[in-house]
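Worksheet: the structure to be examined is printed underneath.
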């Protein structure tokens, strides 16, 4: 298992995109900060890491979509299986590296927020100032990143599932971004129209993606119709479901 983890880590750090990602993430966050510098909701943008966590989700969809599909596309999966490493260990090693990379990107988003906040607002909006939930601005930022990290696992599971089902990396990326973001919009529309009359709709997987939004804005409950605790339970449940489904599909996929 240790050897497999080393191989997956080696593959990740030798991807060209891995080295460009921090630069792209910083520039995207800086652009959001620049556009929001005169916004009355400046504190919200700070605690939301200047949308950095949203960009992390898009990056993770791409990473997950290519991690498995490219192994099949280029035939390198045969090399791993021939070495008798077992599909269970192969999948677990890939999943472990993906989770670690996800945590790394969330740490980057948190770290980049600090200089961007200073560049946009200077000494205004102190991190020790009181904000939501009776906590400081810094505590809200940390909690937002942690909540988003938890919520990203369900997306990782879904993206891995799509990656196992797709025949190419390009298809996996396109389908992952399309299904997840369009699905979230469709879910919101359904909940606004019939969410209160059909309670079961509230528990659809796309609604779980709104957990970070509700954490940063409690009034978002009117859109999700679920409490933060319920959204957490749903995220954990769907994460387990999607990851297990992805593993089963990976195990049965023909080489």
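The values are calculated or read from the model by the stated rules, or taken from the named source; none is laboratory data. Bear in mind that the values here come from a model prediction, so they are computed numbers and not experimental data. In this analysis, Cβ positions are derived from the backbone assuming ideal geometry, glycine residues included, and neighbour counts consider all displayed protein chains.
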Quick count over region 162-188, residues being over 19 Å from residue 56 (Cα atoms) and crowded, with 16+ Cβ neighbours inside 10 Å, is 6
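Out of everything in region 192-208 that is buried (at least 17 other Cβ atoms within 10 Å of the Cβ) and at pLDDT 90 or above, what residue ends up being farthest from the chain's Cα centre (by Cα)? Working first, answer last.
Within region 192-208, the subset buried (at least 17 other Cβ atoms within 10 Å of the Cβ) is 195, 202, 204-208.
Then keep just the ones that are at pLDDT 90 or above; that gives 202, 204-208.
Numbers: 202: 20, 204: 17, 205: 14, 206: 13, 207: 14, 208: 12 Å.
Once the filter is applied, the top-ranked residue is 202.
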Those residues that are assigned to a helix (DSSP H, G or I), without any contact (Cβ under 8 Å) to a residue 24 or more places away in the chain and in contact with a helix residue (DSSP H, G or I) (Cβ under 7 Å, 6 or more places away or on another chain), I need them from region 187-214; list them, please.
187, 190, 194, 201, 213, 214
Failed item in (1) free of Cβ contacts under 8 Å to residues at least 40 places away in the same chain; (2) buried (at least 19 other Cβ atoms within 10 Å of the Cβ), with residue 21 passing the rest
(1)
Can you say whether residue 71 is surrounded by 14 or more Cβ atoms within 10 Å (Cβ to Cβ), in contact (Cβ under 8 Å) with a residue 12 or more places away in the chain and in contact with a helix residue (DSSP H, G or I) (Cβ under 7 Å, 6 or more places away or on another chain), as far as the supplied structure shows?
no
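To keep it simple, each residue is scored yes or no on (1) in a helix (DSSP H, G or I); (2) modelled with pLDDT of 90 or more.
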residue: 126; (1), (2): no, no
residue: 140; (1), (2): yes, yes
residue: 144; (1), (2): yes, yes
residue: 147; (1), (2): yes, yes
residue: 162; (1), (2): yes, no
Can you spot a residue in region 134-149 that is touching a strand residue (DSSP E or B) at 6+ places or on another chain (Cβ under 9 Å) and either closer than 21 Å to residue 208 by Cβ or surrounded by fewer than 20 Cβ atoms within 10 Å (Cβ to Cβ) (or both)?
yes
